[in-house]
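What follows draws every value from the coordinates through simple rules; no lab data is involved. Note that this is a predicted model, so its numbers are computed, not measured. All Cβ positions, glycine included, derive from the backbone under ideal geometry; neighbour counts span all protein chains shown.
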Amino acid sequence: MLAVALVVAVLVVVAGGGDEPRPHGPAPTVTATPSPTPSPVPLDAPTGGPSLALGITEPNANLITTGTVPPDWRRWRDALARIHPAVYRIVVPWAASQPDPAQPPALDVPSSGCMRDKPPCAGFANLRGQLQALASRGWQGMVVITGMPAWA
C-alpha cells in the first residue's frame, strides 16, 4: 500500500499537481520594447577662441603643391585641397636632414616620393619641396622633429 501511495505522489508531482497553479487560457502576449535611439553626438562647432583644427601629415610635396604634378597625383592633390587642412605637419627626421653638426641641414636631398617604396611615386626636393609647396597653398605649417642624432 505504501508503494502505491508513493507512485501516486510521484505522478502528481510529475504531472504538475504541485503548489503552483497552471495557467489557463492562451499564453500572455509579450511585446518587445524598442531600445531608445541615442541622439547624435554634436560635433565641435566653430568657436570664437582656440579649438582643435583639422590637419594632415603627408610627406609628399606633390599632394600639396599648386604647381604641376604627375597625372596620377592630380586627383588626390585636388581632393586634399578641397579639405583645406588648417595645419600641415612637416615631419623632419633630424638625423637624416643633418647627420653632421659641422654641415648645414640638407634641405634639398631628393626624395623618391614613394611611401615605403610602394608606387605611385613622384619625386620632390624633400624638405625644401615641402616648404615651397606649403607656401604655394598659403597653409599653416607645424614642424615635428623626430630622430634626434647622437651628436645633438
Discussion item. Tell me the net charge near D72. Cut-off is 14 Å between Cβ atoms, D72 excluded, with +1 for each Lys or Arg and -1 for each Asp or Glu.
Written reply: +3
Practice prompt. Using DSSP to define loop residues, name the trypsin sites (Lys or Arg not before Pro) in the range 67-136 whose beta-carbon has at most 12 other beta-carbon atoms within 10 Å.
Written response: R116
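Please give the length that would be gained between L54 and Q140 if that part of the chain were fully extended, namely 0.36 nm times their separation in residues minus their C-alpha to C-alpha distance (nm, one decimal). If you can, show how the numbers build up before the last one.
Numbers: separation 86, 0.36 × 86 = 30.96 nm, distance 1.13 nm.
Length difference between fully extended and current span is 29.8 nm.
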Worksheet item: Counting Lys +1, Arg +1, Asp -1, Glu -1, what net charge surrounds I56 among other residues with beta carbon under 13 Å of its beta carbon?
Response: +3
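Taking 10 °C and 1.306 mPa s as the conditions, I'd like the Stokes-Einstein D for the range 49-152 in µm²/s, using the Kirkwood hydrodynamic radius from alpha carbon pairs. Write down the numbers at each step before the final one.
Values: Rh = 14.7 Å.
For these conditions, the coefficient is 108 µm²/s.
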Discussion item. Full-extension gain between V109 and R75, please, as 0.36 nm times their residue separation minus the C-alpha to C-alpha distance.
Written reply: 9.6 nm
